[in-house]
1. Filter the range 1-40 down to the residues that are within 16 Å of the ligand (Cβ to nearest atom) and more than 30 Å from residue 88 (Cα to Cα) and list them by number.
2. State which residue pairs qualify: first residue loosely packed, with under 11 Cβ neighbours inside 10 Å and inside the range 47-59, second residue assigned to a helix (DSSP H, G or I) in any location, beta carbons under 9 Å apart, and separation of 6 or more residues or different chains.
3. Which members of the range 230-245 meet the condition of being within 15 Å of the ligand (Cβ to nearest atom) and in a strand (DSSP E or B)?
4. Can you tell which of 260, 248, 270, 303 is over 21 Å from residue 98 (Cβ atoms), within 15 Å of the ligand (Cβ to nearest atom) and either crowded, with 16+ Cβ neighbours inside 10 Å or at pLDDT below 95 (or both)?
5. Based on what the data block shows, is residue 316 within 12 Å of the ligand (Cβ to nearest atom) and outside any helix (DSSP H, G or I)?
6. Based on what the data block shows, is residue 282 outside any loop (DSSP other than H, G, I, E, B), more than 30 Å from residue 225 (Cα to Cα) and within 14 Å of the chain's Cα centre (by Cα)?
7. For the range 147-202, what are the residues that are within 15 Å of the ligand (Cβ to nearest atom), part of a helix (DSSP H, G or I), within 20 Å of residue 284 (Cα to Cα) and free of Cβ contacts under 8 Å to residues at least 40 places away in the same chain?
8. Consider residue 292 against the criteria (1) within 15 Å of the ligand (Cβ to nearest atom); (2) under 15 Å from the mean Cα position of the chain (by Cα); (3) in a helix (DSSP H, G or I): it satisfies all of them except one. Which criterion is unmet?
Ligand SMILES: NC(=O)c1ccc[n+]([C@@H]2O[C@H](COP(=O)([O-])OP(=O)(O)OC[C@H]3O[C@@H](n4cnc5c(N)ncnc54)[C@H](OP(=O)(O)O)[C@@H]3O)[C@@H](O)[C@H]2O)c1
């Protein structure tokens, strides 16, 4: 099978398209013929070893360990083979899911455990859409849940045009919140089309100085500063750091210590049924995966450049099927 392979850390050009052995499913695994995958934030962070103190101890100090030579966390496709103990999936099922930090989806086939990170793709959802659900969708869902976002609350989503941000806007609206979305000029129409009640252009305005107060300030890209977490937050409100920087972390710690607000961070985790829930919401047209650009597998380096630019719109989808 064809796969995008990386054997050393570096720029997108370290990726090469190679013929590699097709994986074989274990007893509790499903072999998926991948039709679409994405380049999401962990892909380019692994490839470039950024930040090195986090990535290198995790996947290889000098070079990535062999088991990480194929990146790719999200996928959608069709079940080609099932292990002896698999009961939830059958050959021919359309499925989508996440390999987590095991990666491996930038290939024409991937093996995944039936009980972790795999769901059936609803008929109304395309493979391109389905591949773009798990990373942003699960992350947004996890952090909105922890911030107890509910009907009538005022929620600010900072960095509303990225993978996590576009889902956070739509899911917060789905939960009944009043959503203010912060993005650049080029993405104002996009976030409004996703349902944002109010949009702020971060290149022209500081969201924290217009006097508006929020129950939740949700930083989807880790680019807010300490003072921005304090000023617009209702007393006891949640400051969510999906991504983080030192200033934001210090602001969040101050909020917590002073009792003025609550800080939420850490790693997103899926609950059983979350992928099915997101699939249903997409099928019902309540949530729409945003696809900024599409690439073929042999354009994987270009897809990494786009994802790493910091200005990706929603998701970068890679089609693995050959034309
Ligand atoms: N804790 C966790 O479990 C977890 C889970 C998922 C993601 N993350 C982290 O969350 C962050 C976001 O991930 P992602 O994949 O959603 O990112 P992404 O898709 O790459 O985000 C790109 C978006 O960020 C926007 N952006 C860039 N600079 C901005 C700024 N100064 N202010 C506002 N928006 C800005 C861009 O919009 P413009 O082009 O308009 O600037 C672009 O649309 C990453 O750091 C990732 O590592 C953490």
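The values are calculated or read from the model by the stated rules, or taken from the named source; none is laboratory data. Predicted model only: the values in this text are computed from it and were never measured. Positions of Cβ are backbone-derived with ideal geometry, glycine not excepted, and every protein chain shown enters the neighbour counts.
1. Our first condition is that a residue be within 16 Å of the ligand (Cβ to nearest atom); within the range 1-40, this holds for 12, 37-40.
Answer for the range 1-40, where residues must be within 16 Å of the ligand (Cβ to nearest atom) and more than 30 Å from residue 88 (Cα to Cα): just 12.
2. Close Cβ pairs (under 9 Å, with a partner that is assigned to a helix (DSSP H, G or I)) amount to 51/45.
3. Once the filter is applied, which keeps residues that are within 15 Å of the ligand (Cβ to nearest atom) and in a strand (DSSP E or B), the range 230-245 yields 238, 239, 240, 241.
4. Details: 260 fails: within 15 Å of the ligand (Cβ to nearest atom); 270 fails: over 21 Å from residue 98 (Cβ atoms); 303 fails: over 21 Å from residue 98 (Cβ atoms).
Among 260, 248, 270, 303, only 248 is over 21 Å from residue 98 (Cβ atoms), within 15 Å of the ligand (Cβ to nearest atom) and either crowded, with 16+ Cβ neighbours inside 10 Å or at pLDDT below 95 (or both).
5. Details: within 12 Å of the ligand (Cβ to nearest atom): yes; outside any helix (DSSP H, G or I): yes.
It is true that residue 316 is within 12 Å of the ligand (Cβ to nearest atom) and outside any helix (DSSP H, G or I).
6. Working: outside any loop (DSSP other than H, G, I, E, B): yes; more than 30 Å from residue 225 (Cα to Cα): yes; within 14 Å of the chain's Cα centre (by Cα): no.
When the stated conditions are applied, residue 282 does not pass them.
7. Once the filter is applied, which keeps residues that are within 15 Å of the ligand (Cβ to nearest atom), part of a helix (DSSP H, G or I), within 20 Å of residue 284 (Cα to Cα) and free of Cβ contacts under 8 Å to residues at least 40 places away in the same chain, the range 147-202 yields 169, 191, 192, 193.
8. Evaluating residue 292 over (1) within 15 Å of the ligand (Cβ to nearest atom); (2) under 15 Å from the mean Cα position of the chain (by Cα); (3) in a helix (DSSP H, G or I) leaves (3) as the failure.
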